[in-house]
Amino acid sequence: MISIGEKYIKLDTPYTSMIFCRYSELLEKVYYGKRISDMPDYDILTSHKRKYGHSSSDDVITANMTFSCYGMGCDREYSVELKNYDGGYANKFLFKSAAVVDKPVIDGMPSSYGGAETLELVYEDRDYNLELRQYFTVFDDTDVIAASTRLVNLSGKAVTVKSLMSCQLDLDESGYEIYSFTGAWARERFQQKNKLDCGVFSNNGKAGITSHAVNPFFMIKSPARVGGFYGFNLVYSGNHKEVINASPMNITRVMIGMNDFAAEKTVAPGGYFHTPEAVFVYGKDKNAVAINMHSFVNGHIIPARHKKDRPVAINIWSSLGFDFNREEVMEYAKKAEKFGMEMLIIDDGWFGNRNDDASSLGDWTECEKKTGGLKSLSEELHKIGLKFGIWIEPEMISPNSDLFRAHPEYVLRNPKREPILERNQLYLDLTNPEVMDFVYKSVENVIINYGADYVKWDCNRNVFDAYGLIGGADEDYCYRYVKNLYAVMDKLVKNYPDVLFEGCAAGGGRFDLGILSYMPQIWTSDNCCPVDRVYIQESTLLGYPQSAVSAHVGLAVSGALDRKTRLKDRFAVALEGVFGYECDITALSESEAEEVTRQVEFYKKNRHLLQYGKNYLVESAFDGFASSRVIVSEDKSRAIALIYKMVNPFNTEQNKYRFEGLDDDFVYRIKPYGSDKEFIAKGDVLNSYGLDFNNLFLREWKGEYYSEIHTLVLIIEKI
Ligand code: DGJ
């Protein structure tokens, strides 16, 4: 709910409030946190009366602001940096008006849907005839707030946007702990913690794609005197930047938006530039942030038609690689059908002369020698009740391809020099409409002509050859690329709404809210080693819901350390996301085959809960060598606890686990998966004391010592 008064503007979400106060010609953000009651005035909260800058401080306005720019007495990090028509960089935006408006469409960009109300704040620079408009959207069913900024040029001369962040949030105090999610291929989104007392912390994504190196999602934990956690994310899949700037004057400024590196934009007279949408949320702890992010992504980012249970897949990549034939595929298919799986995915290698990663990207015509005819394969799979999934990497071109030989001009490159090869491939120049059409048709081809029900859209490299190539255009290359990519995806998902798309970028290198606006799930990492996955998934699940996190049971020996793990443990870890298999299911022993059948049956029975339940992280793997979580149904009548232990030292008598999210008053029956034991306990006991597994499940932990991870899956049901 949004209320606009004479002096105060208040935004309420179900459990949080944000309050702005007008003073002189500025707007101060005086409160953001747990929801508070409406009061006739909030003078007790305002700081501008008592906080003025001193000589040599970093701002003459030491109140919490909603934007910042040079020219207003501030030398901290800015959310608005323009170059005016006279070559100057100084602007002065004064508050003009506030109104509840229809949520603006951000041209060419995905953004959240289903908002309840949108607040528009307008500021004007009267000297240069510019307007800055900020938008804040609240929702009925989540505390997440969506924000974006528009620069409107009302003057008769062009203005250059050097940097325009999607939102700025100035928070009280400094000393915030920053949880950022950085990594690399096979180590995506590894949580990193830093404390910032003074200075600047920045996530700087310049890879052209969101990147393995740094995800736009991050969280900050406030110092005890403020209390609570804040989470942030961006609905964008290109270069991004998150800045946290702690002032010596004890204000922490958080900004999130597109990266300003090589990204100037010209706004013509009468025109405007609108940033991608940022989202943020306040919650009392990590779980409150994560659960709100999950409900927001499931309810307002992922297209509503995909809010349904996702199929259990078998992907042949990890076991067969590029080298497969129809017979082998059908062997997998028959086993998959027998085990109760629902979809078979043909990964890389089905097209052109693709026998390794050195050729054929762009030649999206099947290699019949391997496939035996994809259309007939799709039909055969359908007959035995399996969906047909296929891999494609449509944004890429191999120098060794028919496409390259016919259309060298399709390649993204600086004509003055050779483009940079990565994984033997180059980008297609999506700023060329003819190339956009080619990419669209490449994907459409696998849907129409090969009968794909599912498309895994891969992207195996970063952008290195982009900048300055968009001669004469008013946008930088990377931004235009992302916009055109979205245009292609948008057309595809509108024309083929029933196809299930899965995003992928050399594992999870493009895991973001932009992609999720079109594709409801994303391949999380090529690393399916359950020990490594515990860390990767834990981090990913703080910002993204289980329904988006694709997680497969991988090979028995896997990961950077060639860890040997048990099928039951790989299964238990893959339960955290959209479940499937990525191992040789044709070579299972009889007992393993029976186990896989039971696993698939269990997942299918519980998948709605596992994919959409409220996800409470109880113990973090980053704090020790164990991780546990409870996934609870909306009505709290059912839950599944997933407990992973990577180290179990000798002679440690205690093995106690607490639960979260259960109803204190319900009585629950708890059964470990794969065991005949069961016991009964009241919710308050489970939420407070928990269970001592040394007493109850000692044998489940032990038995086969070789495994590098020991897991327990507990089914919790109200009786
Ligand atoms: C990278 C993906 O993450 C893998 O799952 C697989 O599809 C390969 N690419 C294929 O080249």
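Every number here is computed from the coordinates shown, using simple stated rules; none is lab data. Keep in mind it's a predicted model, so treat the numbers as computed, not measured. Please note: Cβ atoms are built from the backbone with ideal geometry, for glycine as well, and neighbour counts cover all protein chains shown.
The table below lists the values:
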| read-out | value |
| --- | --- |
| Distance between modelled label sites at Asp107 and Ser675, nm, 7 Å Cα→Cβ extension | 6.2 |
| Three-way shape label, region 154-266, alpha-carbon gyration tensor, a/c 1.5 | oblate |
| Alpha-carbon centroids, region 58-79 and region 341-365: separation in whole Å | 52 |
| Relative contact order, percent, region 1-48 [alpha-carbon distance under 8 Å, six or more residues apart] | 28 |
| Difference of contour (0.36 nm per residue) and Cα-Cα distance, Ser37 to Arg305 | 92.8 nm |
| Among Ala184, Ser166, Ile145 - extreme Cα towards positive end, dipole of region 130-198, charges at beta-carbon | Ala184 |
| Contour minus Cα-Cα distance for Ser202 and Asn414 (0.36 nm per residue) | 73.4 nm |
| Ranked by how many other beta carbons lie within 10 Å on average, peptides 351-361, 398-408, 145-155 from highest | 145-155, 351-361, 398-408 |
| Lys, Arg +1 and Asp, Glu -1 on Cβ, resulting dipole of region 248-337 about Cα centre, debye, nearest 20 | 440 |
| 16 Å Cα-Cα reach of Lys221 towards aspartates and glutamates, excluding residues that sit fewer than 8 places from it in its own chain | Asp170, Asp172, Glu173, Glu177, Asp197, Glu242, Asp285, Asp623 |
| Value at 222 nm in deg cm²/dmol, rounded to 500, when DSSP H runs of n ≥ 4 in the chain each add -39,500 (n - 2.57) | -6000 deg cm²/dmol |
| Given charges at beta-carbon only (K, R positive; D, E negative), |dipole| of the chain in Debye | 860 |
| Rel. contact order, % - alpha carbon contacts under 8 angstrom, at least six apart, the chain | 10 |
| Of Pro394, His382, Val493, farthest towards positive along the dipole that unit charges on Lys, Arg, Asp, Glu beta carbons give region 366-521 | His382 |
| Members of Lys387/Lys494; Lys103/Lys162; Lys10/Lys83; Lys96/Lys286; Lys193/Lys605; Lys375/Lys491 lying beyond 31 Å, as alpha-carbon distances in this model show | Lys10/Lys83; Lys96/Lys286; Lys193/Lys605 |
| Exposure proxy order (Cβ contacts within 10 Å, fewest to most) of Ile244, Ile106, Ile9 | Ile106, Ile9, Ile244 |
| Value of relative contact order over region 395-501, rounded to a whole percent, pairs C-alpha under 8 Å and six or more apart | 29 |
| Cβ-Cβ FRET estimate between Leu154 and Ala184, R0 fixed at 41 Å, reported to 0.05 | 0.35 |
| Dipole magnitude of region 401-466 about its Cα centre (Cβ charges: Lys, Arg +1; Asp, Glu -1), debye to nearest 20 | 240 |
| Inter-part distance where region 418-452 and region 134-205 are each reduced to a Cα centre, Å | 31 |
| Sites Asp664 and Asp623 - FRET efficiency at Förster radius 22 Å, r taken between beta-carbons, to 0.05 | 0.30 |
| Rounded, prolate or oblate (a/c below 1.5 giving rounded, otherwise prolate when a/b exceeds b/c) for the chain by Cα gyration tensor | oblate |
| Stretchable slack from Met249 to Tyr689, in nm (0.36 nm times residue separation minus alpha-carbon distance) | 154.1 nm |
| Rounded to 5, the percent of DSSP beta bridges in the chain classed as antiparallel | 85 |
| Distance violations [Cα-Cα > 21 Å] among Lys308/Lys456; Lys195/Lys614; Lys564/Lys677 | Lys195/Lys614; Lys564/Lys677 |
| Residue-count net charge about Arg326 - beta-carbon cut-off 14 Å; Lys, Arg +1, Asp, Glu -1 | -4 |
| Overall form of region 252-410 per C-alpha gyration tensor (a/c, 1.5; a/b vs b/c) | oblate |
